[in-house]
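To start, the structure itself, in structure tokens.
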Amino acid sequence: GMVTFKLANASKSYNTNVKKDPIDNFCAIQEDQKKAFEAKKRGKTVTNARGKEVKPNWFEGKDGVWFYTLKYGNRKLDVKGNNSVEVGTDKKQIPAAIDWVISEARDGMLTKVIQAVAVDYSKNKKK
């Protein structure tokens, strides 16, 4: 017979395949950054769980010092007025800096900051 359809009120969920806990989300984002760092050395790129290309959160500042920006999605974290980790002049230390960020997050050092950004992020995502 004929297929019948009905109307529904639905909205797309952006985080369908990403863990709901903001700390888990944050750590997954950092893990993606580590993968992206390794891939970039081989001239490759990495896509995240939502199929978007992972853009590097690390950059070279003045005097050849590398920085790793703390981000949740496209939002920078503000940790007591700081938004980045100073990695030093050795770019190869970036993955270790990311591991340090993950352990800080896991130890609860960034919970309030991450939750504040996560709430803001999901509110703006729904628009």
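(1) at pLDDT 95 or above; (2) of a type outside the set (A, V, I, L, M, F, W, C); (3) within 14 Å of the chain's Cα centre (by Cα): which one isn't true of T89, the others all being true? If we test T89 against (1) at pLDDT 95 or above; (2) of a type outside the set (A, V, I, L, M, F, W, C); (3) within 14 Å of the chain's Cα centre (by Cα), just (3) comes out false.
In segment 22-127, counting only strands (runs of 3 or more DSSP E) that sit wholly within it, the ones holding 2 or more residues that are small (G, A, S) and free of Cβ contacts under 8 Å to residues at least 40 places away in the same chain span 84-88. Quick check on D63: is it within 17 Å of D120 (Cα to Cα), at pLDDT 90 or above and out of contact with any Pro (no Cβ under 7 Å at 6 or more places or on another chain)? It is false that D63 is within 17 Å of D120 (Cα to Cα), at pLDDT 90 or above and out of contact with any Pro (no Cβ under 7 Å at 6 or more places or on another chain). Restricting segment 72-86 to residues that are surrounded by 16 or more Cβ atoms within 10 Å (Cβ to Cβ) and more than 22 Å from K20 (Cβ to Cβ), the residue that is modelled with the lowest pLDDT is V79. The condition of being farther than 30 Å from A10 by Cα, surrounded by 15 or more Cβ atoms within 10 Å (Cβ to Cβ) and among the charged types (D, E, K, R) holds for only one of K112, K35, K62, K44, that being K35.
Does T69 satisfy the condition of being in contact with a strand residue (DSSP E or B) (Cβ under 8 Å, 6 or more places away or on another chain), under 23 Å from D21 (Cα atoms) and open to solvent by 60 Å² or more (accessible area, probe 1.4 Å)? Against the criterion (in contact with a strand residue (DSSP E or B) (Cβ under 8 Å, 6 or more places away or on another chain), under 23 Å from D21 (Cα atoms) and open to solvent by 60 Å² or more (accessible area, probe 1.4 Å)), T69 does not qualify. In this structure, V113 qualifies as aliphatic (A, V, I, L, M), touching a strand residue (DSSP E or B) at 6+ places or on another chain (Cβ under 7 Å) and modelled with pLDDT under 95.
The values are calculated or read from the model by the stated rules, or taken from the named source; none is laboratory data. Here the structure is a predicted model, which is why all the values come from computation and not from measurement. A quick note on method: Cβ atoms are made from the backbone with ideal geometry, for glycine too, and the neighbour counts reach across all protein chains shown. Note: areas computed on protein heavy atoms with side chains; ligands, DNA, RNA excluded. Shrake-Rupley method; radii C 1.70, N 1.55, O 1.52, S 1.80 Å.
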